[in-house]
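K.L.:
Supplied in C-alpha cells, the structure appears directly below.
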Amino acid sequence: MMQKVLIRVTMVDQKKSRTKAMQIAATVSGVESVALKGDNRDQLEIIGDGIDTVELAKLLRKKVGGADLLSVGPAKAEKPKEPAAAAKKAETPTVPMQVWAYPQPPLYPVYEFRDSDPNCSIM
C-alpha cells in the first residue's frame, strides 16, 4: 500500500540542506517521489511503498539537522484524466506498414590456394 509521509526538516543552510535532505530521502528503499512542501519549503513530502519512516527520520537528523515526523498515512491515488485529443487519436485506424525483405544470396567460403615457394622466408 502506498503511503505518504510528511517530515519537517530544520535547515541551517537552506539551499544546500534542501538538496541534501532530498537526496537522503530519495535513497531510502521504497521511495517513489520526494517533494518540498510548506510555506518555507521546509517540509518533505515522501510517497512510496514500505518506507521505514523512523529510519528515514534518523538519517535526516544525522545528516541534515532536526527532523520531525508530521504525518504518515495512505497516499491518495490520482485518477488519470483522458483528454479529448487522446480519445480521437485512439479512434483513428492504423495502417499496417509493409516491409519488403529481399533474400540474400548464399555466401560461400572463398579459399585461396597458392603454390608454395621454396624461397619464402616467412613460411
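The values are calculated or read from the model by the stated rules, or taken from the named source; none is laboratory data. Being a predicted model, the structure only gives us computed values, none of them experimental. Here the Cβ is made from the backbone with ideal geometry for all residues, glycine too, and neighbour counts use every protein chain on show. What goes into the accessible areas is simple: the full protein's heavy atoms, side chains included, and nothing from ligands, DNA or RNA. Shrake-Rupley method; radii C 1.70, N 1.55, O 1.52, S 1.80 Å.
K.L.:
Among (1) more than 23 Å from GLN3 (Cα to Cα); (2) modelled with pLDDT of 80 or more, where does PRO96 come up short?
P.N.:
So PRO96 meets the others, but not (2).
K.L.:
What are the residue pairs meeting all of these: first residue in the stretch 82-109, first residue open to solvent by 100 Å² or more (accessible area, probe 1.4 Å), second residue at pLDDT 75 or above, Cβ atoms under 8 Å, and 6 or more apart or on different chains?
P.N.:
Every condition considered, no pair remains.
K.L.:
Pull up the stretch 15-53, narrow it to residues that are open to solvent by 70 Å² or more (accessible area, probe 1.4 Å) and in contact (Cβ under 8 Å) with a residue 12 or more places away in the chain, then point me to the one that is farthest from PRO74 (Cα to Cα).
P.N.:
Out of the qualifying residues, it is LYS20.
K.L.:
Something else now. Within the stretch 3-19, track down each residue that is in contact with a Lys or Arg (Cβ under 9 Å, 6 or more places away or on another chain) and in a strand (DSSP E or B).
P.N.:
If the condition is that a residue be in contact with a Lys or Arg (Cβ under 9 Å, 6 or more places away or on another chain) and in a strand (DSSP E or B), then LYS4, LEU6, VAL9 are the ones that fit.
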